[in-house]
Amino acid sequence: MTISSHPESKIAEQISAIREFNRFYTARLGLLRRRHLNSEFSLTEARILYEIGANPLTTASALQSSLELDAGYLSRMLAALAKRKLVRQTPSKADGREKQLALTAMGERAVTRLNEQSAAQLKEMLASVNVADRQTLVASFHAIRSILNRNQHSAVRIERLTAANDHALAILQEYYEAVHVVQRDRPGSIRKIVKEPGSGMWLAYLGDEVVGCVVLRRLASVPLAGECKRLYVKPAARGNRIADRLLDAQEEFARGQGLEWIYLDSYGDLKTAIAVYERRGYQRCERYNENPQATLFMRKRVC
């Protein structure tokens, strides 16, 4: 065996290649500068503001998990952003030990500026790259993320309920509180949905913990259609594509039941959920129900 083919030598070469690329892209994107995108924020501050804006009602523990930051450091950063009137912290109704985080109007304007500056920077960078190479570049980013997240994603499992249980009722209650749902399902309604043909409820597990859910209810008012309801992923578990996996399971089941359409309703504040739906091919449609909280209606052909 030659030295270069020895497993330890291969690992050393791979580590060196990754470190070399890290040095290249951190300099290329200006990540080493004291202020991110020539703004008044450091890179960490900008990322925290972005995550809070993209995940309304997130918590400090969820941010700590998704950004892998030290708890004390994150706490100090949040306190500083709150002092600058960029972030608002309010007690969580679901867990009194937690505080829900939201951007103030000033914080929203700051994130808008950061997003515009970032888009302009990347647009300038891509201007000299041809279309084929851009596609290769984006595909490479997807591959990197998929490979590095593979072990974490493999721990997630999605199960369709055969009977309503305490885990299902508990995560639904957390969902209701998190998004302030007015019209809530009674336990009997959930049991009926689970048993009803063409309907169902799915739970996402990370290890042994229930971390997400989604419900499909057959729509009596629209032929060959179901309604997606109660899509929710616990803040600490976000970033694992759990919402996509729940929706994948739901859509596969719907097709197997002969359904052609899945409808859903939402409201404007749930920007992250709406972005997920749009990315998955849901399109705006006319109002189809009488939900008083809903301001937005969407549907997707699944057959």
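Might you let me know whether the stretch 270-289 holds any residue that is in contact with an Asp or Glu (Cβ under 6 Å, 6 or more places away or on another chain), of a type in the set (A, V, I, L, M) and in contact (Cβ under 8 Å) with a residue 24 or more places away in the chain? No; the residues of the stretch 270-289 include none that is in contact with an Asp or Glu (Cβ under 6 Å, 6 or more places away or on another chain), of a type in the set (A, V, I, L, M) and in contact (Cβ under 8 Å) with a residue 24 or more places away in the chain.
Taking Glu278 and the conditions (1) in contact with a Leu (Cβ under 6 Å, 6 or more places away or on another chain); (2) of a type in the set (D, E, K, R); (3) within 20 Å of Thr112 (Cβ to Cβ), which numbered condition does it fall short on, given that it satisfies the others? Among (1) in contact with a Leu (Cβ under 6 Å, 6 or more places away or on another chain); (2) of a type in the set (D, E, K, R); (3) within 20 Å of Thr112 (Cβ to Cβ), the lone unmet condition for Glu278 is (1). Which residues, counting only those in the stretch 192-222, are outside any strand (DSSP E or B) and either in contact with a Cys (Cβ under 9 Å, 6 or more places away or on another chain) or not hydrophobic (A, V, I, L, M, F, W, C) (or both)? Result: Lys192, Lys195, Glu196, Pro197, Gly198, Ser199, Gly207, Asp208, Ser221.
Under the condition of being part of a loop (DSSP other than H, G, I, E, B) and closer than 22 Å to Thr104 by Cβ, the residues counted in the stretch 57-74 number 2. Exactly one residue out of Val194, Val222 is aliphatic (A, V, I, L, M) and touching a residue at least 40 places away in the same chain (Cβ under 8 Å), and it is Val222.
Remark: pairs (first residue in the stretch 236-260, under 30 Å from Gln64 (Cα atoms) and assigned by TED's automatic domain parsing to the domain that holds Val276; second residue of a type in the set (Lys, Arg) and in a helix (DSSP H, G or I); Cβ separation under 9 Å; 6+ apart in sequence or on different chains) = Asp244/Arg279.
Only one of Val182, Val211 is among the β-branched types (Val, Ile, Thr), exposed (fewer than 11 other Cβ atoms within 10 Å of the Cβ) and either touching a Gly at 6+ places or on another chain (Cβ under 9 Å) or closer than 30 Å to Glu260 by Cα (or both). Can you tell me which?
Val182
Applying the criterion of being without any contact (Cβ under 8 Å) to a residue 24 or more places away in the chain and among the basic types (Lys, Arg) to the residues of the stretch 53-93, the residue that is surrounded by the fewest Cβ atoms within 10 Å (Cβ to Cβ) is Lys83. Among the residues examined, Ala294 qualifies as surrounded by fewer than 18 Cβ atoms within 10 Å (Cβ to Cβ), within 23 Å of Glu177 (Cα to Cα) and of a type outside the set (Lys, Arg).
The values are calculated or read from the model by the stated rules, or taken from the named source; none is laboratory data. These numbers come from a predicted model, not from an experiment. Positions of Cβ are generated from backbone atoms using ideal geometry, with glycine treated the same way; all protein chains shown enter the neighbour counts.
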